[in-house]
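**Q** Dropping the structure in here first, questions after.
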Amino acid sequence: MDAIYPVILCGGSGTRLWPSSRADRPKQFLKLIGDRSSFQETILRVMDLPGAREIVVVTGRQMAELVERQAREIGANLVVIIEPEARDSAPAIAAAAAYVRAKTPDGVVLMLAADHHIAEVDVFRDAALTAVSAARNGLIVTFGVQPTGPATGFGYIKPGQPLPSGVKAIEAFVEKPDLETAKRYLAEGYYWNSGNFAFSAKTLLEELDAYEPAISTGAVQAVDKAARNGITLHLDPESFSTTTKKSLDYAVMERTSKAAVAPAAFTWSDLGAWDAIWEASIRDPSGNTANGDVHLINTKGVLARSNGPFVGAIGVEDLLIVAENDAVLVCRRDDAQAVKTLVDVLKASGRDIAHRHAIAFSGGIERQPVTRSAAAEVSLWRFEAGAMTSLPASSIQVLDGALEAEVETYAQGARADLHSPVMVRAAEASTALITIWR
């Protein structure tokens, strides 16, 4: 049996899930439904798949730490392919295929998005094995999800004649429709296009050679010249930059004669907006779902969540209320798609809150702004045990734990003025107040 390589694409910023999802902490890493992120749930769906070899994640440099951290939380071993720049899905998938072909010439790729929600894991696995079986026969298979309603936010697939291995030919890919067209698609048996695939790495690269040779050539060279560092493979920037920016649908699926669709009966959502989170969440008898420090009174059909301040709502219906430490969103549930418009306005205004959270996390250190004035900027730094960093020239106060420098240790209660940067290591979980004078 040919080896299966689950490949997880982990990019994008999920702007319709602002203020929780931003470029520095996008939706696939947020625990929006249950105790795990959609990225973690995606890993868990394929970890024990029969025939599966190593799990490969394709992501950007800025997300690599989150990828590795969340994989460790669930005990998963990965190979992480780092894109030097985002060039749409076809180059990313081609690089993964090139990696798999170099490892196992007849290897089959099960390509999955990191930000999708699938409720029935067993049904997903059955569909995945059906798609993999067809991929072994030279087909490039996408998952077609049975629609639950005339959604206008998804692309659709018109299925054709049955093919071997339980899949169907594809007559047409169609873009996101208006409501009346979506109703017609539903009546005519179209599928939602889930954007997940199964294919032989060799077959995909051959099709790219035929239709988009710049993508296949650049991706193969980027892998051949990649720099390996532990579990991380850094694609060669110069080679990868020669690939054409294009999605896999446009590059291959809408042109190849080898396209097929595997019907999928599992409950699926791309978690594209807050109304989708409400729909996928467990709700009380009044249709509410609440997370964090939230209390609802006489409300109906409300999603309310807070990662910071207390949120109370009284006598309202069909609202989305999302609170972070630095921003609060309130809108009607049926206006969820308009959140992107708000984010676009923030971007155009040059507002940092469009892109990043006020509380930053990297290298095992959480940095939370406290206050700022014309004279100083004060922030609270929380260190995980063993975290290392260079403290800036500043005044520091260690609130708990201990920070070890080369020549001295700053223990709990210590105060010091640092006249130049100092490298420190947290001997244990520690917290310090950092004041940078202007």
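The values are calculated or read from the model by the stated rules, or taken from the named source; none is laboratory data. Here the structure is a predicted model, which means the values were calculated and not measured. Cβ coordinates were reconstructed from backbone atoms using ideal geometry, including for glycine residues, and neighbour counts include every protein chain displayed. Just the protein is used for accessible areas: all its heavy atoms, side chains included, with ligands, DNA and RNA removed. Shrake-Rupley method; radii C 1.70, N 1.55, O 1.52, S 1.80 Å.
**Q** What single numbered condition from (1) charged (D, E, K, R); (2) modelled with pLDDT under 95; (3) under 22 Å from D2 (Cα atoms) fails to hold for D115?
**A** (3)
**Q** For segment 243-277, which positions are assigned to a helix (DSSP H, G or I) and open to solvent by less than 10 Å² (accessible area, probe 1.4 Å)?
**A** Hits for segment 243-277 are L248, A251, V252, M253, W274, I277.
**Q** Any idea which of (1) surrounded by fewer than 17 Cβ atoms within 10 Å (Cβ to Cβ); (2) touching a residue at least 12 places away in the same chain (Cβ under 8 Å) is the one S373 doesn't satisfy?
**A** (2)
**Q** If E406 passes every condition in (1) part of a strand (DSSP E or B); (2) over 26 Å from M63 (Cβ atoms); (3) open to solvent by 30 Å² or more (accessible area, probe 1.4 Å) but one, which one does it miss?
**A** Evaluating E406 over (1) part of a strand (DSSP E or B); (2) over 26 Å from M63 (Cβ atoms); (3) open to solvent by 30 Å² or more (accessible area, probe 1.4 Å) leaves (1) as the failure.
**Q** If you take the residues in segment 174-205 that are open to solvent by 40 Å² or more (accessible area, probe 1.4 Å) and either touching a Phe, Trp or Tyr at 6+ places or on another chain (Cβ under 7 Å) or not in a loop (DSSP other than H, G, I, E, B) (or both), which one is modelled with the highest pLDDT?
**A** For segment 174-205, the residue satisfying everything is K202.
**Q** Ok, one more. Given the structure, is V343 within 26 Å of R69 (Cβ to Cβ), of a type in the set (V, I, T) and either in a strand (DSSP E or B) or open to solvent by 80 Å² or more (accessible area, probe 1.4 Å) (or both)?
**A** Taking the combined requirement at face value, the residue does not satisfy it.
**Q** Taking the conditions exactly as written (open to solvent by 10 Å² or more (accessible area, probe 1.4 Å), charged (D, E, K, R) and touching an Asp or Glu at 6+ places or on another chain (Cβ under 6 Å)), does K27 satisfy them or not?
**A** It is true that K27 is open to solvent by 10 Å² or more (accessible area, probe 1.4 Å), charged (D, E, K, R) and touching an Asp or Glu at 6+ places or on another chain (Cβ under 6 Å).
**Q** Further question on the same structure: If you check every pair at least six apart or on different chains, which have Cβ atoms under 7 Å apart with a residue in segment 338-353 that is within 24 Å of P369 (Cβ to Cβ) first and a residue that is hydroxyl-bearing (S, T, Y) second?
**A** From residues that are within 24 Å of P369 (Cβ to Cβ), the pairs are V343/T15.
**Q** Among all residue pairs at least 6 apart or on different chains, which show Cβ distances below 6 Å where the first residue, located in segment 393-421, is touching a residue at least 40 places away in the same chain (Cβ under 8 Å) and the second is part of a strand (DSSP E or B)?
**A** The qualifying pairs are A393/L418; S394/L418; S394/I434; S394/T435; S394/I436; S395/D417; S395/T435.
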